[in-house]
Every structure is written in structure tokens, then in C-alpha cells.
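Beneath this line is the structure, given in C-alpha cells, with notes to follow.
Any read-out appearing in this document is the output of simple, stated calculations on the displayed coordinates, not a laboratory observation. Since this is a predicted model, take the numbers as computed values, not measurements. Quick reminder, even Gly has a Cβ in these numbers, built from the backbone with ideal geometry, and neighbours come from all protein chains shown.
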Amino acid sequence: MCTAITPASGGDAAVNVDAVLIDLDGVLYVGDAPVPGAVEALEWLLDEEIPFRCVTNTTRRSRQSVAARLRDLGFAIPEAWCFTPAMAAVRRLGEEGIAACHLIATGDVHRDFEEAGIRLAAGEAPYVAVGDAGDRWTYESMNRAFRLLVGGARLLALERDRYWRDTDGLALSAGPFVAALEYAAGVTAEVVGKPSPAFFRLALADLGVQAERAVMVGDDVATDIGGAKIAGLAAVLVRTGKFRPEALAASPVAPDRVLGSIADLPALLDRRT
Ligand SMILES: [Mg+2]
């Protein structure tokens with residue numbers, strides 16, 4: 001199977017792809033509303049037998065909850081096709097033989113750690129893992145993390161996005177809090193979600209597709225587009241979700257294409273053999 005991304009205007013060579021990686025928040029849905037045409041776009045991929053996986057930087061839900069939410073929104077996407085930063089964090093801790101960490105997150109993301117056998121320690125732990133904790137960020141939670149980091153714990157950022165698009169407007173993501181902890185403790189976080197190339201490789205390995213044979217579709221020019229380009233994928237930016245023209249104009253990386261929304265993906269993926 002082979003599809004081609006055909007440039008709208010000449011100049012760029014067409015990019016042949018065998019598979020698609022898709023961001024969730026801001027691409028398939030915004031708040032509690034599916035992006036118009038997104039359900040149909042995924043159905044088109046299934047009909048055309050173009051394999052895809054979802055790579056989200058969402059850290060407020062476990063993988064199971066991410067899949068359940070997608071079902072509620074009308075997307076028939078198996079849980080096994082969803083890749084979350086918590087999964088990448090668990091894998092990273094496993095590589096180090098780490099059995100405990102201090103997690104700052106919200107929702108049920110803790111389940112992904114517990115089910116992998118990672119003990120969530122309230123105090124001493126070799127790693128401080130930080131996600132988007134929403135209202136659970138307090139002076140106390142920040143200070144506890146700061147003290148652990150000063151004491152030698154390493155900082156693992158599930159993601160470090162600057163912001164995301166909530167139903168009532170842009171909202172702070174984990175990035176500003178990660179930056180604050182780095183600044184205070186004089187450490188540098190290791191990021192396991194997007195834009196980490198290792199995170200993209202998790203989904204690509206599941207697809208059995210090389211990076212240069214895949215395209216990433218996302219609404220964040222830094223983590224989705226920048227990350228995909230670093231990992232060697234083609235990258236398509238959509239003008240939904242957190243998309244802002246100013247962020248695109250200021251970006252050091254350029255997407256291969258910019259679409260109005262994922263509804264335009266079928267027209268872009270012009271099958272060629
Ligand atoms: Mg997004």
C-alpha cells in the first residue's frame with residue numbers, strides 16, 4: 001500500500017506514506033465535540049486500509065479512559081491503537097529498573113503506572129513524573145516536587161506542551177509547570193511524550209512502518225509537527241484545536257502541509273502505487 005501527499009502548489013516533492021499517526025485533542029475533537037468530518041475521515045482510512053494509530057499528549061486520562069472517551073465521541077478506535085505519554089513513562093522507568101515514582105497528575109492516569117507495577121510514592125522516589133495536573137497544581141504539590149528534585153530525584157515530563165484548547169479557551173498544559181520546576185531545582189526534564197522521537201517510534205513499531213513512510217497529523221506546531229519532523233515523519237498541521245497562525249509563523253519548523261481540519265485528510269492522501 002502506498003499513498004502520496006501531493007503538494008497544493010508545485011515545488012515540493014510528493015511524500016509517499018503507508019500509515020498515519022493522529023493526534024487526538026484538537027484534531028479529532030475539541031472539548032466534548034468531535035471536529036466536523038473527523039469520524040468520516042477515520043472511516044475513510046479504515047475503508048482504504050490505511051493503518052493509523054493515535055498519539056496523544058493527553059496526561060489527564062489513562063489509556064483505557066482515552067479509548068472510552070473516543071468511543072463516547074463516536075470514534076471506533078481500539079484501545080490498543082492509542083498511545084499516551086503515561087505508557088511511554090512506564091516504559092522509560094522500566095528501562096531503568098525503577099519500581100516507584102512520585103507522580104503529579106490528575107484524572108485516572110495513575111492507573112497506567114499502577115497496572116505496570118510502578119508504586120506511586122508520596123515521598124522519596126528516584127523520579128518525579130509530571131503531567132497536566134490541572135487544578136491539582138498547588139504551591140504544596142510544586143514544593144514537594146521541588147524538594148524531591150533538589151534531593152536528587154530526576155524529572156520526567158509526560159509532556160511539556162505550553163497550552164491546549166479547552167472548551168472555554170486556551171488552557172495551561174504541563175509545560176509551564178515543568179519549566180518552573182526546572183528553574184527552581186536547576187534540573188532539566190526528560191520528556192517522554194511528544195515531541196520525543198521515542199514516543200513516535202512506539203506507535204510506528206506497533207504499525208511496523210518506518211518513520212519516513214508515515215505522516216503525523218496534529219494541531220500543535222511544536223510537539224506534533226516539530227516532533228514528527230525530528231523523528232523523520234512527514235507532518236500535516238490542522239487549523240483546529242490549539243492552532244494559531246502566530247504560532248505557525250513563529251515556528252522554526254514547517255509542516256509539509258496545512259489543512260483546514262482532518263476532514264481534508266482523505267483528499268490529501270491521494271492513493272498512488
Ligand atoms: Mg492536540
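7 Å from Cα along Cα→Cβ at both A76 and R144: what's the point-to-point distance in nm?
According to this spin-label approximation, the distance is 4.4 nm.
Let me know the longest stretch in the chain that avoids all GluC sites (Glu not before Pro) found in a DSSP loop with at most 13 other C-beta atoms within 10 Å.
Numbers: sites that count: E48, E49, E96, E124.
In short, 125-273.
If you line up the long axis of helix 175-185 against the longest principal axis of the chain, both from Cα atoms, how many degrees apart are they, to the nearest 10?
Orientation of helix 175-185: about 30 degrees from the principal axis.
Given R₀ = 22 Å, FRET efficiency for T188-R119 by Cβ-Cβ distance, to 0.05?
0.30
From the helices alone, meaning DSSP H stretches of at least four residues, give me the mean residue ellipticity at 222 nm for the chain, per-run term -39500 (n - 2.57), in deg cm²/dmol to the nearest 500. Could you put the intermediate results ahead of the total?
Details: 10 runs with 86 residues, N = 273.
Mean residue ellipticity at 222 nm (helix-derived): -8500 deg cm²/dmol.
What residue among V150, V191, V258 has the largest mean-square fluctuation in a Gaussian network model of the chain, using Cα springs under 10 Å?
The residue with the greatest mean-square fluctuation here is V150.
Would you mind ranking V128, V35 by Cβ crowding within 10 Å, fewest neighbours first? Write down the numbers at each step before the final one.
Numbers: V128 26, V35 21.
If I rank by nearby Cβ atoms, fewest first, I get V35, V128.
Need one number: % antiparallel among DSSP beta bridges in the chain, to the nearest 5. Don't skip to the answer; put the middle values down first.
Working: 12 of 40 bridges.
Of the beta bridges lying entirely in the chain, close to 30 percent run antiparallel.
Test of understanding: ordering T106, T59, T188 by Cβ neighbours within 10 Å, fewest first, what list do you get?
Working: T106 16, T59 30, T188 11.
Fewest-to-most Cβ neighbours within 10 Å comes out as T188, T106, T59.
Where a ≥ b ≥ c are the square roots of the eigenvalues of the C-alpha gyration tensor, would you call the stretch 97-191 rounded, which needs a/c under 1.5, or, failing that, prolate if a/b is larger than b/c, or oblate?
On the way: a/c = 1.89, a/b = 1.26, b/c = 1.50.
It is oblate, given that a/c is not under 1.5 and a/b is not larger than b/c.
For an R0 of 22 angstrom, estimate the FRET efficiency from the Cβ-Cβ distance between E40 and L248 and round to the nearest 0.05. Before the final figure, lay out the partial values.
Values: r = 26 Å, r/R0 = 1.16.
Approximately 0.30, to the nearest 0.05.
Just want the ordering: L158, L204, L73, from fewest to most Cβ atoms lying within 10 Å of their own Cβ. Show your work: numbers first, answer last.
Numbers: L158 30, L204 23, L73 17.
Exposure proxy ranking, most exposed first: L73, L204, L158.
On a 0 to 90 degree scale, rounded to 10, what angle separates helix 197-207 from the longest Cα axis of the chain?
50
How long is the chain along each principal axis, judged by its Cα atoms, biggest number first, in Å?
56, 36, 33
Classify the stretch 138-205: rounded, prolate or oblate, from the alpha-carbon gyration tensor (a ≥ b ≥ c, eigenvalue square roots; a/c under 1.5 rounded; otherwise prolate if a/b is larger than b/c)? Mind showing how you got there, number by number?
Values: a/c = 2.81, a/b = 1.21, b/c = 2.32.
It is oblate, given that a/c is not under 1.5 and a/b is not larger than b/c.
Distances longer than 16 Å among the Cα atoms of the stretch 107-152: what percent of all pairs is that? Spell out each step's value before the answer.
Working: 444 of 1035 pairs.
For the stretch 107-152, the share of Cα pairs beyond 16 Å comes to 43 percent.
Just to be sure I understand: with springs between alpha-carbon atoms less than 10 Å apart, which residue in V253, V238, V66 has the highest mean-square fluctuation in the Gaussian network model of the chain?
In this elastic network of the chain, the residue with the biggest mean-square fluctuation among V253, V238, V66 is V253.
Gap in Å between the Cα centre of the stretch 227-259 and the Cα centre of the stretch 38-72?
The distance from the Cα centre of the stretch 38-72 to that of the stretch 227-259 comes to 20 Å.
Y163 to R111: extension gain in nm, 0.36 nm per residue of separation minus the Cα-Cα distance?
On the way: separation 52, 0.36 × 52 = 18.72 nm, distance 2.40 nm.
Here the answer is 16.3 nm.
Expressed as an acute angle from 0 to 90° and rounded to the nearest 10, what is the orientation of the C-alpha long axis of helix 139-150 relative to the principal long axis of the chain?
For helix 139-150, the angle is close to 80 degrees.
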